[in-house]
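Below: the structure, in structure tokens.
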Amino acid sequence: MTIYKKVKTLTPVDAAYIAGLIDGEGTISLSRKHRLDNRQLVVSISSTEGMLLEYVKEVVGAGTITNKRTYKNNHTPSKTYQISNRQALDLLNQIASFLKSYKADRANLILGHYLRLTPRNGRYTDCQREEREIFIKKFLDTRPS
């Protein structure tokens, strides 16, 4: 059995703070790394304040921070904190109760169905593939009202 790297256990204050950052400046998405890949869970926060993202990475104990490209001279350089797959699922499990926007609905969908519909080996039965496509459509249709 595979042992997955877990995020640190967050205090309620840290969990609420990170949830607020995700509600305001973050995303909970199912993204593809490559065009033909299956979608995978990604939680990210973008900010021009690098120290803020460093704090999140330190408190969570997992994830990466990357620089975003600036396309114009008057744009402020920014960074993105990103955590994916099982680590993102573990993070969502700790912060979901603090989310207030439509992202709470997305987090609850993920927590309720993602593991069941995402076999670790990537081999889907026809039934799983069909059910996963329905889940992805429902997830992507969950947007701000």
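Among the residues of region 90-108, those identified as open to solvent by 20 Å² or more (accessible area, probe 1.4 Å) and within 16 Å of PHE139 (Cα to Cα) are SER101, TYR102, ASP105, ARG106, ASN108. Scanning region 85-123 for residues being free of Cβ contacts under 8 Å to residues at least 60 places away in the same chain and more than 25 Å from GLY26 (Cβ to Cβ) gives a total of 3.
Just a yes or no: is a residue in region 121-129 outside any strand (DSSP E or B) and in contact with a Ser or Thr (Cβ under 6 Å, 6 or more places away or on another chain)? No, region 121-129 contains no residue that is outside any strand (DSSP E or B) and in contact with a Ser or Thr (Cβ under 6 Å, 6 or more places away or on another chain). Scanning region 27-81 for residues that are part of a loop (DSSP other than H, G, I, E, B) and either basic (Lys, Arg) or crowded, with 18+ Cβ neighbours inside 10 Å (or both) returns ARG32, LYS33, ARG35, ARG39, GLY63, ARG69, LYS72. For region 1-26, the set of residues classified as under 15 Å from the mean Cα position of the chain (by Cα) and either closer than 13 Å to ILE83 by Cα or open to solvent by 60 Å² or more (accessible area, probe 1.4 Å) (or both) consists of LYS6, VAL7, ILE18, ILE22, GLU25, GLY26, listed by residue number. Checking each residue in region 54-79 for being in contact with a Leu (Cβ under 9 Å, 6 or more places away or on another chain) and not basic (Lys, Arg) picks out VAL56, VAL59, VAL60, ALA62, GLY63, ILE65. Kindly indicate whether HIS113 is out of contact with any strand residue (DSSP E or B) (no Cβ under 8 Å at 6 or more places or on another chain), open to solvent by 40 Å² or more (accessible area, probe 1.4 Å) and at pLDDT 90 or above. For HIS113, the condition - out of contact with any strand residue (DSSP E or B) (no Cβ under 8 Å at 6 or more places or on another chain), open to solvent by 40 Å² or more (accessible area, probe 1.4 Å) and at pLDDT 90 or above - is met. Quick one: is GLY24 assigned to a helix (DSSP H, G or I) and in contact (Cβ under 8 Å) with a residue 60 or more places away in the chain? Against the criterion (assigned to a helix (DSSP H, G or I) and in contact (Cβ under 8 Å) with a residue 60 or more places away in the chain), GLY24 does not qualify. Pairs meeting the criteria (first residue in region 31-52 and over 23 Å from ASN93 (Cβ atoms) and touching a residue at least 40 places away in the same chain (Cβ under 8 Å), second residue open to solvent by less than 100 Å² (accessible area, probe 1.4 Å) and basic (Lys, Arg), beta carbons under 8 Å, at least 6 apart or on different chains) are lacking.
The values are calculated or read from the model by the stated rules, or taken from the named source; none is laboratory data. Since this is a predicted model, take the numbers as computed values, not measurements. A quick note on method: Cβ atoms are made from the backbone with ideal geometry, for glycine too, and the neighbour counts reach across all protein chains shown. When the accessible area is computed, the model is the full protein with side chains, heavy atoms only, and any ligands, DNA or RNA have been set aside. Shrake-Rupley method; radii C 1.70, N 1.55, O 1.52, S 1.80 Å.
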